[in-house]
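Enquirer: Take a look at the following structure, please.
The values are calculated or read from the model by the stated rules, or taken from the named source; none is laboratory data. Computed from a predicted structure; not experimentally measured. Using ideal geometry, Cβ is built from the backbone for each residue, glycine included, and neighbour counts are taken over all protein chains shown. Note: areas computed on protein heavy atoms with side chains; ligands, DNA, RNA excluded. Shrake-Rupley method; radii C 1.70, N 1.55, O 1.52, S 1.80 Å.
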Amino acid sequence: MRRHCFLKPFIIGFALAAVPATSSAASIGLIDFESDAAGFFTFAQNAANVSTVHPAVGTDGSRGVAASVSADPGSYAGAGLGNTTNNQFDLSRAGFVGGSLSVADFDTIAGNFDVNIPVGQSLSIRIEPVNGGYNERVDLGVTIPGTGEFQNIAFDAASASDANQKTTFVNTLNGASATGLKFIFSINNQTGAVGSQFVFDNIEFSAGAVPEPSSFVLALSGVMMLLGRRKR
């Protein structure tokens, strides 16, 4: 009986010690627009009919930035953050090194932002390497319908379904060094968006390695075996 009492806390303690420490993701960048100068919110395509309003009213009355649609921009209108001269989303902050970046590394990228989209409109999101363009994009498969109020939208690269896009993206980063990311949005209903204003605030990217569960799984298996033996 004494052996049993001694063994049980030992097993529990061993199991807890075997759980790998969770590593928090490293920031790739946060833009809250409170102190950033205008000019880095740049438009990817059809910029003539879409203008930047900076600052605009963001969440809780804070400063944000808006994309104001003045005329039908045609088949596509998009805007983004991060470029070669003002790289807001620097991959090196997360420890990514050009030449050795993998798709698994890329899949750890996640982010969130606040956005106010007019009712009847919707946006989709993609990311591009700052040293690439539309052909090196990854479509995140996130479509955000407008509510006329601010929403906090979370996204992650792992949810992107096109494996070829991911491979091209990673190859581009490795070929010209992993410098950073561009955050791009697309206005999905361009004609109806004329006169609309899409306000963005608190755009953030992070990334980090996901802890390997193997050590925990092995330890848990050992604990289950020991407990099974004690019962017998």
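Enquirer: Considering only residues that are open to solvent by 60 Å² or more (accessible area, probe 1.4 Å) and either in contact with a strand residue (DSSP E or B) (Cβ under 6 Å, 6 or more places away or on another chain) or of a type in the set (Ser, Thr, Tyr) (or both), look in the range 157-183 and name the one that is farthest from Ile203 (Cα to Cα).
Expert: Thr167
Enquirer: If Ile184 satisfies all but one of (1) in contact with a Lys or Arg (Cβ under 6 Å, 6 or more places away or on another chain); (2) farther than 18 Å from Ile28 by Cα, what's the number of the condition it fails?
Expert: So the condition that Ile184 fails would be (2).
Enquirer: Sticking with this structure for a sec: Of all residues in the range 24-65, count the ones that are under 14 Å from Gln88 (Cβ atoms), of a type in the set (Ser, Thr, Tyr) and modelled with pLDDT of 85 or more.
Expert: Count: 1.
Enquirer: Any residue at all in the range 144-153 that is touching a helix residue (DSSP H, G or I) at 6+ places or on another chain (Cβ under 8 Å) and either open to solvent by less than 50 Å² (accessible area, probe 1.4 Å) or more than 28 Å from Gly58 (Cα to Cα) (or both)?
Expert: There is no residue in the range 144-153 that is touching a helix residue (DSSP H, G or I) at 6+ places or on another chain (Cβ under 8 Å) and either open to solvent by less than 50 Å² (accessible area, probe 1.4 Å) or more than 28 Å from Gly58 (Cα to Cα) (or both).
Enquirer: Out of all the residues in the range 184-197, which are out of contact with any Leu (no Cβ under 7 Å at 6 or more places or on another chain), part of a strand (DSSP E or B) and open to solvent by less than 10 Å² (accessible area, probe 1.4 Å)?
Expert: Passing the criteria: only Ile184.
Enquirer: While we're here: Residue by residue through the range 112-124, note down the ones that are aliphatic (A, V, I, L, M) and open to solvent by less than 10 Å² (accessible area, probe 1.4 Å).
Expert: Val115, Ile117, Leu123
Enquirer: Sticking with this one: Among the residues in the range 102-111, are any open to solvent by 10 Å² or more (accessible area, probe 1.4 Å), of a type in the set (S, T, N, Q) and modelled with pLDDT of 90 or more?
Expert: yes
Enquirer: Given the conditions (1) outside any strand (DSSP E or B); (2) modelled with pLDDT under 90, which single one is not true for Ala79?
Expert: (1)
Enquirer: Something else about it: Which is open to solvent by less than 20 Å² (accessible area, probe 1.4 Å) and in contact (Cβ under 8 Å) with a residue 40 or more places away in the chain, of Gly74, Gly99, Gly64, Gly132?
Expert: Details: Gly74 fails: open to solvent by less than 20 Å² (accessible area, probe 1.4 Å); Gly99 fails: open to solvent by less than 20 Å² (accessible area, probe 1.4 Å); Gly132 fails: open to solvent by less than 20 Å² (accessible area, probe 1.4 Å).
Going through Gly74, Gly99, Gly64, Gly132 in turn, just one is open to solvent by less than 20 Å² (accessible area, probe 1.4 Å) and in contact (Cβ under 8 Å) with a residue 40 or more places away in the chain: Gly64.
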